[in-house]
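Here's the structure we're looking at; comments come further down.
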Amino acid sequence: MKQHSPVITVTLNPALDKTVTIERFEYGGLNRIKDMRTDAGGKGINVAKVLKQFSLDVTAMGLIAGFQGQVIQEKLKKLGIRSVFLDTEGETRTNLKVVDEQTKQTTELNEPGITAQSSKLQDFIARFEAELSSASLAVLGGSLPPGTPADYYGTLIESAKNKQVRTILDADGEALKQGIEAIPFAIKPNIHELEMLTGRTFTTDEQIISAAGALIERGIEYVAVSMGGEGSLLVSRTEAVRARPFPITPMSTVGAGDSMVATLVYCFLQELSLEQTARWTSAAGTITASKPGTQVCSLPEVQARIDDVIIKRYP
């Protein structure tokens, strides 16, 4: 494999993910937990986990607070992932994920997170810029902590551009809208996030491709739109590829989109074609969705299923 500088992932609002499994969820009743596990979570951290599985050199960055923040750092250390987190006041949030064995559905209860201090946000920019000197790509993922300016991702994207580092933005709402203004290299909205961004509802591939094309006209190089079990669309300046996944028994959608983002990084660094990238990202997201809790795909698993992805090319 080619040698590359490290990839940076940014998780400003990380969480200690607590996943509990129950036999059948009783709304308003007593639910007995069969199994429970805790993991370091948040979009950027999940991306870092997959990249580590793919044997890529990755540094996870962000803000943490309190005892739970230290637990996140310890968990990353055990996974062999280098981390650069700035300590701030408060306590890192817990996100509860309830897995219903009978329906195979996961219900998520996410805390808002720590309120970011403006001084810490300034310190983080400086530390981020220092890490950029040895980076090839930076992934900015997830929600912004309460109190963070909506254009904060845009500020980080500008910093990366000044160091000739490509960025992938995976956010929603105002953080996505404002981040796009800084023109990241790539974005990965899901279909609902793209609809919210454009104020439209999409019923055909052509409509999604048109919306992605409008973003690309603004300077973004790649738009990857995930659609859950329906697959994904990957759009560049010159072509669009629709990927439909192979059938699975979905166990948990947690981390599926993050697996796609991580695989997008891998494909960009390997300089794969758009069609191959669509195959890889679809396979990665699908395999992760077939795993329970917050478990993610591995490189051999993805490689084994690439050819099972159904591809349709648009001129």
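The values are calculated or read from the model by the stated rules, or taken from the named source; none is laboratory data. All of these numbers come straight from a predicted model, not from anything done at the bench. Cβ sites come from the backbone with ideal geometry, for glycine too, and all protein chains shown count toward neighbours.
The set of residues in region 163-195 that are closer than 22 Å to residue 131 by Cα and free of Cβ contacts under 8 Å to residues at least 24 places away in the same chain contains only 164.
If you check 98, 50 for being among the β-branched types (Val, Ile, Thr) and either surrounded by fewer than 17 Cβ atoms within 10 Å (Cβ to Cβ) or within 18 Å of the chain's Cα centre (by Cα) (or both), only one passes: 50. Among the helices (runs of 4 or more DSSP H) confined to region 237-315, the ones with at least 3 residues that are at pLDDT 95 or above, buried (at least 24 other Cβ atoms within 10 Å of the Cβ) and at negative phi are located at 256-270, 274-289. Scanning region 196-227 for residues that are small (Gly, Ala, Ser) and either closer than 18 Å to residue 157 by Cβ or in contact (Cβ under 8 Å) with a residue 60 or more places away in the chain (or both) yields 219, 224. Considering only residues that are of a type outside the set (A, V, I, L, M) and in contact (Cβ under 8 Å) with a residue 12 or more places away in the chain, look in region 119-133 and name the one that is farthest from residue 30 (Cα to Cα). Ranking the qualifying residues of region 119-133, first place goes to 133. In region 17-45, the residues that are acidic (Asp, Glu) form Cβ pairs under 7 Å with partners that are in a loop (DSSP other than H, G, I, E, B), at six or more places apart or across chains, as follows: 17/294; 23/101; 23/102; 39/294. Considering the conditions (1) crowded, with 19+ Cβ neighbours inside 10 Å; (2) at positive phi, residue 28 is excluded by exactly one of them, (1). Considering each residue of region 53-72, count those that are among the small types (Gly, Ala, Ser), surrounded by fewer than 21 Cβ atoms within 10 Å (Cβ to Cβ) and outside any loop (DSSP other than H, G, I, E, B), and give that number. Counting residues in region 53-72 that are among the small types (Gly, Ala, Ser), surrounded by fewer than 21 Cβ atoms within 10 Å (Cβ to Cβ) and outside any loop (DSSP other than H, G, I, E, B) gives 1. Each residue in region 192-202 was checked for being assigned to a loop (DSSP other than H, G, I, E, B) and either touching a strand residue (DSSP E or B) at 6+ places or on another chain (Cβ under 6 Å) or surrounded by 16 or more Cβ atoms within 10 Å (Cβ to Cβ) (or both), and 1 pass. Once region 101-125 is narrowed to residues that are over 21 Å from the mean Cα position of the chain (by Cα) and closer than 25 Å to residue 289 by Cα, the residue that is surrounded by the most Cβ atoms within 10 Å (Cβ to Cβ) is 101.
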